[in-house]
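Quick notes on the structure that follows.
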Amino acid sequence: MATVNSPHDISVIGRAIYQERILPTLSPSDKGKVIFIDIETGGYEIDADECAAMKRFMERFPNAMGWSERVGYPYVHSFGYFGASRKDDD
C-alpha cells in the first residue's frame with residue numbers, strides 16, 4: 001500500500017474501502033451502526049454501540065490507521081440545536 005501522508009489520504013482510502021468492499025455486504029438492519037475500518041488491511045468492526053465497535057477494533061488492529069463511518073449517513077456525528085426556539089426573558 002502507498003504511504004499515507006495526510007488525513008485527506010486516510011479519508012479517501014477509508015471511504016473507498018467502505019463504498020467498494022463493505023457497503024455491498026451490509027443489510028438494511030445495519031443502517032445507523034458505526035463501522036471502524038483499518039485502511040491498510042480492510043478489516044473492520046461494526047456495531048450499533050460506537051464504543052463497543054471501537055474497543056473491538058482497537059483490540060484486533062492495535063496499530064491500525066483507522067477510518068470510521070455511520071452506515072447510511074454522511075457523518076458519524078452531527079452537532080447542532082434541534083429543539084424549539086428559545087425566548088430570552090428580559
TODO: Could you please give the count of residues in the stretch 33-57 that are more than 10 Å from the chain's Cα centre (by Cα) and more than 18 Å from Ile17 (Cα to Cα)?
DONE: 6
TODO: Test Arg21 against the criterion of being closer than 22 Å to Thr3 by Cα and of a type outside the set (Ser, Thr, Tyr), and give yes or no.
DONE: yes
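Scan the stretch 1-53 residue by residue and report those that are small (Gly, Ala, Ser) and buried (at least 18 other Cβ atoms within 10 Å of the Cβ). Give the derivation first.
Taking the stretch 1-53 first, the residues small (Gly, Ala, Ser) are 2, 6, 11, 14, 16, 27, 29, 32, 42-43, 48, 52-53.
Matches in the stretch 1-53: Gly14, Ala53.
Any read-out appearing in this document is the output of simple, stated calculations on the displayed coordinates, not a laboratory observation. Note that this is a predicted model, so its numbers are computed, not measured. Positions of Cβ are backbone-derived with ideal geometry, glycine not excepted, and every protein chain shown enters the neighbour counts.
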